[in-house]
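Worksheet: one structure, shown below.
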Amino acid sequence: RQKLGIAVAILKDAPNLILDEPTSGLDPKSGQEFLDLIIELRDKGKSIFISSHDIFRAKQIADRVGFMLQGKLVMMKTKKELKGEDLNKLYVDYMQEHSGTE
């Protein structure tokens, strides 16, 4: 259903896309092909907001990556700020440091 919504958004030339776990349920090849499409849309100036647990793919395609805790955005980093960062470690360290503080 979500994939159909994306196809409709592309056909209508929507300026913004909001995607929730867009690669879930896809095999690795299909997931990468889908992300290549997202990158192409991004490079054409589309704004794309993706909610994902796949932090490695997020780093691969995003201009900015944010972390959420209890439904709130608690950290935002740009691609430049993330260069050389281990996103998994950054996430785990942040969550351990802030768990139970809110």
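Assorted remarks:
- Derived scalar couplings ³J(HN,Hα) [segment 22-28; Karplus, 6.51 cos²θ - 1.76 cosθ + 1.60; whole Hz; x for Gly, Pro]: x, 9, 5, x, 9, 6, x
- Computed from phi, the 3J(HN,Hα) profile of segment 39-47 under the Karplus parametrisation 6.51, -1.76, 1.60 (θ = phi - 60°) reads 4, 4, 5, 4, 5, 8, x, 6, 8 Hz, with x in place of Gly and Pro.
- Mean separation of Cα contacts under 8 Å, 6 or more apart, over the residue count of segment 1-62: relative contact order %: 41
- Model label zone, residue 24; criterion: amide N under 13 Å from point 7 Å along Cα-to-beta-carbon; scope segment 30-58: 51-54
- Cα pair distances exceeding 14 angstrom across segment 1-62, given as percent: 54
- Overall form of segment 63-102 per C-alpha gyration tensor (a/c, 1.5; a/b vs b/c): oblate
- Footprinting exposure proxy ranking of 79, 89, 59, fewest other C-beta atoms within 10 angstrom first, gives 89, 79, 59.
- Angle in degrees between helix 87-98 and the longest Cα principal axis of the chain, rounded to the nearest 10: 50
- Degrees, to the nearest 10: 2-11 long Cα axis against longest axis of the chain: 60
- Database remark: amide H of residue 48 closer than 5 angstrom to the amide H of 17 (H placed geometrically; neighbours at sequence offset of 5 or more, or on other chains; Pro and chain starts carry no H).
- Taking Cβ atoms as reference points and 11 Å as the exclusive limit, the residues near residue 64 contribute a net charge of +2, counting Lys and Arg as +1 and Asp and Glu as -1.
Each reported figure results from applying straightforward, stated rules to the coordinates on display, with no laboratory input. Not measured: the values here are computed from a predicted model. Positions of Cβ are backbone-derived with ideal geometry, glycine not excepted, and every protein chain shown enters the neighbour counts.
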